[in-house]
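Student: Take a look at the following structure, please.
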Amino acid sequence: MVTVYGAEVNKLVVPAPEFVDDNNPPAYRGMKYEDYFIADQTSTTKGVTSLDLVRI
């Protein structure tokens, strides 16, 4: 049996504030988990990784 765990689909996923400051800006933009999940499922057909799609 396969089980997949993740955030709520409408949850905004952003870099953790304690790791972001003037010297360490975010490397990825925030997005809803649902949008990331869709991007992750379709990115291989575009020849890029899902992280490429959210990288700043």
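Just so it is clear, none of the values below were taken in a lab; they were calculated from the coordinates. Everything numeric here is computed off the predicted structure, so don't read it as measured data. Note that we place each Cβ from the backbone using ideal geometry, even for glycine, and neighbour counts take in every protein chain shown.
Student: Which of (1) 4.8; (2) 3.4; (3) 5.1 is the computed mean projected area of the Cα convex hull in nm² for the structure on display?
Tutor: Correct label, based on the coordinates given: (3).
Student: Quick check on the exposure proxy: order Val4, Val13 from fewest to most C-beta atoms within 10 angstrom. List each step's numbers first, then the result.
Tutor: Working: Val4 5, Val13 17.
Listing Val4, Val13 from fewest to most nearby Cβ atoms yields Val4, Val13.
Student: Against the longest principal axis of the chain, how steep is helix 33-46, in degrees 0 to 90 to the nearest 10, with axes from Cα atoms?
Tutor: 70
Student: Turning to a different aspect of this structure: Please arrange Glu18, Glu34 by how many other C-beta atoms lie within 10 Å of their C-beta, fewest to most. Show your work: numbers first, answer last.
Tutor: Values: Glu18 6, Glu34 15.
Lowest to highest Cβ neighbour count: Glu18, Glu34.
Student: Ranked by Cβ crowding within 10 angstrom, fewest neighbours first, how are Lys11, Lys32 ordered? Display every interim value, and only then the final one.
Tutor: On the way: Lys11 12, Lys32 15.
By the 10 Å Cβ count, ascending: Lys11, Lys32.
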